[in-house]
Amino acid sequence: MFFDEIIHGTQYYRSPTPLPEEWEEDISNLEKFNLDALQIRINWRQNERVEGEYDFSDVDRLMELAEKYNRKVIIKFLLECAPQYVFDKYGGARIGPKGEVFRGGYHGAFYGGWKPCFTNPYVKTAAEKFVGKVVERYHGRDSIILWNVWNEPRNRPVEECFCPHCRAGFGKYLKEKYHTIEALNARYGATEESFETVNLPAMPHGYWDIFEFKKFKAGYCIYEDLRFVYDKIREYDKVRPIMSHVGFTCGFQLALSDLCDDFTAKKAVDFWGTSIPCDTTMDTHAKRMDFQMLGDFLRCVDKNYFLHEIYPGMGRFYVYDTRFDMNFKLYSAISSGAKGLVYWQYRAERVGMESDCSGIMYMDGTPREVAYEVQEIGGALKEDKAHFSGCEAEKADVAIVFDFDNLLVSVIEDSCGADYSFDFGNPKFQYRNTHAGMYRLLRDNNYKVDYLGVRDLDKFAEYKVLYFPYHQMITNELREALESYVKNGGVVIADEGFGLRQTNTWMQPYDLDVKPLLTARMRTRLVSNGNKVAYNGLTGEIRPYKTVYEAQGAEVLARFDDGKPALQKFAYGKGAVYLFGFSVGYAYYHDGGEIWHRTIADIVDEVGVSKYSYADVKNSLYEKRLEKENEQIVFLFNASKETKTICLKEKIVKVGGAGKWQGNELTLAPETTAYAVVEKL
């Protein structure tokens with residue numbers, strides 16, 4: 001934990017807006033709306049237009065105003081906006097797979113010079129020098145609480161860059177992993193001459209090359225970019241925390257065109273954060289589930305995460321948040337363990353494609369409706385700072401195990417469209433929709449849910465149930481961890497596709513390579529054509545595949561409409577593995593269905609998985625909890641159009657948010673949230 005409070009602030013300045021004549025009025029107004037911090041984006045192209053000539057007059061003035069009005073400052077670098085000399089002198093332009101030049105240009109979100117290739121060592125050296133000048137100038141300012149090294153690191157477009165520097169960098173990356181070209185060729189069945197001449201992927205159809213290239217670009221390169229900025233900051237500032245925040249976190253990723261391996265990239269900084277990769281309005285149950293899933297997922301990446309771009313509606317003349325939209329998002333983030341809330345942005349934008357985008361204030365600086373929700377919840381964070389400080393999200397008994405490599409293979413499967421392209425080819429989005437579907441299924445039945453990174457093998461024993469969504473590739477380390485986990489009483493739910501591939505992306509030849517945990521052989525795997533499954537008197541349509549396993553020593557719990565086994569239980573030691581021949585998470589994501597409620601409930605109830613005490617998610621009453629030492633904070637969200645009455649069993653210490661309390665009974669008006677600090681039972 002880096003702060004003794006939840007940081008509550010807003011992005012303020014991204015050149016050229018807001019305008020200088022607006023700065024003092026705005027910054028003096030932050031305190032009124034309980035915004036303790038403002039973020040200044042330092043635009044490389046703005047502050048070093050000519051190589052070696054620096055003009056920080058805009059940042060100087062903003063720093064002076066922040067200190068005048070006693071506001072904390074977050075400094076964020078916008079290195080993607082590179083000066084023109086980076087392109088003209090140092091050949092910084094990115095190169096596409098067909099030789100096309102991605103020239104630096106203007107974009108509504110990146111005003112000028114977007115964006116050079118940072119694998120080019122000349123570009124990186126120039127950027128590093130600029131970062132050093134900034135930190136040298138400002139690190140002595142007491143108002144600065146945090147450095148943000150990069151805005152939304154992400155690998156896009158699909159190819160990112162095919163310049164000679166990237167080809168050489170890819171070869172170096174592969175050499176560090178495999179040491180000899182013979183080892184690489186043997187692993188993948190490849191035919192490369194040398195690491196120096198390794199081919200860059202022309203299409204995803206061979207799997208292995210795009211798999212490694214994306215791990216290089218979305219993991220290794222992003223780590224390296226963040227780390228060189230981190231290291232330069234540390235030359236001057238040995239104390240303040242340094243973060244970055246992803247634009248499209250891998251928990252929501254669907255396409256090769258926008259990837260980031262959060263788990264690898266976050267190692268470059270002190271802590272991680274995220275923008276919002278889902279809808280900003282909270283007017284449907286699916287949107288609300290996505291938003292709470294975002295917080296629960298980010299917590300498995302980094303328990304100190306910031307929700308770093310909270311949009312007050314995307315605007316642009318389409319849709320704007322109501323007070324309830326903002327209320328639900330903020331309390332969801334807080335109750336999921338976020339350690340910082342930063343809005344995008346203070347004033348609505350007026351430039352380019354982002355015209356009238358976001359903004360807790362209108363473009364003229366007057367407050368939108370949501371500004372008063374920001375003000376109210378910011379006040380609650382101040383009033384109850386002693387209770388919020390040091391809290392962590394309540395731990396669940398069931399965890400969804402997430403693996404970027406398996407997500408990546410699923411995305412590659414979806415991207416085999418036309419030859420010499422990276423276009424979708426009948427995409428199913430199986431990995432993402434499967435894990436999101438299981439999250440919704442469990443939450444809709446009022447179960448508490450965590451996410452867990454697959455690398456956290458040492459944490460498996462903390463959970464009663466582990467769920468694996470479309471986990472095709474099983475490493476030796478995972479196999480050993482699962483054998484121990486189940487032997488000692490753990491339960492594994494293995495959704496369709498479990499063990500389908502080897503770790504080199506090749507198909508596993510039918511036998512699931514998870515012995516001694518279970519013995520099963522895949523007999524057939526076909527895209528479902530309206531096939532159904534029967535379970536305890538209920539029927540449902542399966543998605544997306546019908547996979548029939550021939551198993552030894554398994555109990556058949558559900559059957560397909562042709563009588564073949566659809567769900568089998570393998571007892572092992574004190575625990576069990578439940579192997580699905582279809583994707584229960586995917587089916588629920590697309591269709592819902594009582595059969596899936598019953599199926600999963602029967603599995604998790606057998607081992608006593610915990611539920612929320614007061615939630616009734618099907619009727620739009622949500623519950624989340626924070627805890628520390630001897631107290632909890634119970635958050636109750638009424639997203640319905642009807643008043644709810646809830647009677648708490650715990651001893652109440654303090655209440656906050658909306659609602660009327662009479663003793664332990666809460667009357668919660670429609671579209672409001674309340675919380676109670678209670679003693680642990």
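Miscellaneous remarks
- Residue within region 379-400 that is among the hydrophobic types (A, V, I, L, M, F, W, C) and within 16 Å of TYR318 (Cβ to Cβ) present: no
- Within region 324-364, restricting attention to residues that are among the basic types (Lys, Arg) and part of a loop (DSSP other than H, G, I, E, B), the residue that is nearest to HIS387 (Cα to Cα) is LYS339.
- Criterion violated by PRO509 - all others in (1) free of Cβ contacts under 8 Å to residues at least 12 places away in the same chain; (2) not in a loop (DSSP other than H, G, I, E, B) satisfied: (2)
- When region 422-454 is filtered for residues that are polar (S, T, N, Q) and part of a loop (DSSP other than H, G, I, E, B), the ones remaining, listed by number, are ASN426, ASN445, ASN446.
- Residue list for region 617-632, filter: part of a strand (DSSP E or B) and either exposed (fewer than 15 other Cβ atoms within 10 Å of the Cβ) or in the same structural domain as LEU330 (by TED's automatic domain parsing) (or both): LYS628
- Residue check for GLU31: more than 30 Å from ALA386 (Cβ to Cβ), over 28 Å from the mean Cα position of the chain (by Cα) and not small (Gly, Ala, Ser): no
Rundown of residues vs (1) among the small types (Gly, Ala, Ser); (2) in contact with a helix residue (DSSP H, G or I) (Cβ under 8 Å, 6 or more places away or on another chain); (3) buried (at least 20 other Cβ atoms within 10 Å of the Cβ); (4) within 20 Å of GLY497 (Cβ to Cβ), yes/no style:
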site: GLY563; (1), (2), (3), (4): yes, no, no, no
site: ALA571; (1), (2), (3), (4): yes, no, no, no
site: ALA576; (1), (2), (3), (4): yes, yes, yes, yes
site: SER583; (1), (2), (3), (4): yes, yes, yes, yes
site: TRP596; (1), (2), (3), (4): no, yes, yes, yes
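- Within region 29-46, tally of residues that are touching a helix residue (DSSP H, G or I) at 6+ places or on another chain (Cβ under 8 Å) and under 28 Å from GLY352 (Cβ atoms): 8
- Residue within region 570-593 that is of a type in the set (Lys, Arg), out of contact with any Leu (no Cβ under 7 Å at 6 or more places or on another chain) and touching a residue at least 60 places away in the same chain (Cβ under 8 Å) present: yes
- Just so you know, in region 538-561 the residues that are in contact with a helix residue (DSSP H, G or I) (Cβ under 9 Å, 6 or more places away or on another chain) and not in a loop (DSSP other than H, G, I, E, B) include one that is surrounded by the fewest Cβ atoms within 10 Å (Cβ to Cβ), and it is THR539.
- Index of the failed condition, GLN375 passing every other in (1) surrounded by fewer than 23 Cβ atoms within 10 Å (Cβ to Cβ); (2) over 18 Å from GLY9 (Cβ atoms); (3) at pLDDT 95 or above: (2)
- Of all residues in region 370-383, none satisfies being assigned to a loop (DSSP other than H, G, I, E, B) and either over 22 Å from the mean Cα position of the chain (by Cα) or more than 25 Å from ARG443 (Cβ to Cβ) (or both).
- Filter result for TYR420 (of a type outside the set (A, V, I, L, M, F, W, C), crowded, with 22+ Cβ neighbours inside 10 Å and more than 30 Å from GLU31 (Cβ to Cβ)): no
- Qualifying residue in region 33-43 (condition: acidic (Asp, Glu) and within 20 Å of PRO241 (Cβ to Cβ)): yes
- Filtered residues of region 176-224 (kept if more than 20 Å from GLU160 (Cα to Cα), not aliphatic (A, V, I, L, M) and not in a loop (DSSP other than H, G, I, E, B)): GLU176, LYS177, TYR178, GLU182, ASN185, ARG187, TYR188
- Subset tally (residues that are hydroxyl-bearing (Ser, Thr, Tyr) and more than 22 Å from the chain's Cα centre (by Cα)) for region 298-323: 3
- Residue in region 506-523 that is at positive phi and crowded, with 22+ Cβ neighbours inside 10 Å present: no
- Yes/no for ARG479 being part of a helix (DSSP H, G or I), surrounded by 21 or more Cβ atoms within 10 Å (Cβ to Cβ) and among the charged types (D, E, K, R): no
- Selection status of ASN120, more than 27 Å from the chain's Cα centre (by Cα), at pLDDT 95 or above and within 27 Å of GLU309 (Cβ to Cβ): no
- Whichever residue in region 318-369 is crowded, with 24+ Cβ neighbours inside 10 Å and β-branched (Val, Ile, Thr) and, among such residues, is farthest from ILE74 (Cα to Cα): ILE334
- With respect to (1) buried (at least 23 other Cβ atoms within 10 Å of the Cβ); (2) out of contact with any Phe, Trp or Tyr (no Cβ under 7 Å at 6 or more places or on another chain), the lone exception for TYR470 is condition (2).
- One residue stands out among those in region 5-28 that are under 29 Å from the mean Cα position of the chain (by Cα) and among the polar types (S, T, N, Q): the one that is surrounded by the most Cβ atoms within 10 Å (Cβ to Cβ), which is THR10.
- When GLU671 is tested against (1) in contact with a helix residue (DSSP H, G or I) (Cβ under 7 Å, 6 or more places away or on another chain); (2) closer than 19 Å to ASP296 by Cα, just one condition goes unmet, and that condition is (2).
- Single unsatisfied condition, SER410 versus (1) buried (at least 21 other Cβ atoms within 10 Å of the Cβ); (2) among the polar types (S, T, N, Q); (3) farther than 27 Å from GLY585 by Cα: (3)
- Count of residues meeting criterion [part of a strand (DSSP E or B) and surrounded by fewer than 20 Cβ atoms within 10 Å (Cβ to Cβ)] in region 633-676: 11
- Complete set of residues in region 397-416 that are part of a helix (DSSP H, G or I) and hydrophobic (A, V, I, L, M, F, W, C): PHE404, LEU407, LEU408, VAL409, VAL411, ILE412
- Taking first residues from region 177-203 that are modelled with pLDDT of 95 or more and partners that are small (Gly, Ala, Ser), the Cβ contacts under 8 Å between residues at least 6 apart in sequence or on separate chains come to ILE181/SER194; LEU184/ALA190; SER194/GLY171; PHE195/GLY171; GLU196/ALA168; GLU196/GLY171; THR197/GLY171; VAL198/GLY171.
The values are calculated or read from the model by the stated rules, or taken from the named source; none is laboratory data. Bear in mind the structure is a predicted one, so any value in this text is a computation, not a measurement. With ideal geometry, Cβ positions are generated from the backbone for all residues, glycine too; neighbour counts draw on all protein chains shown.
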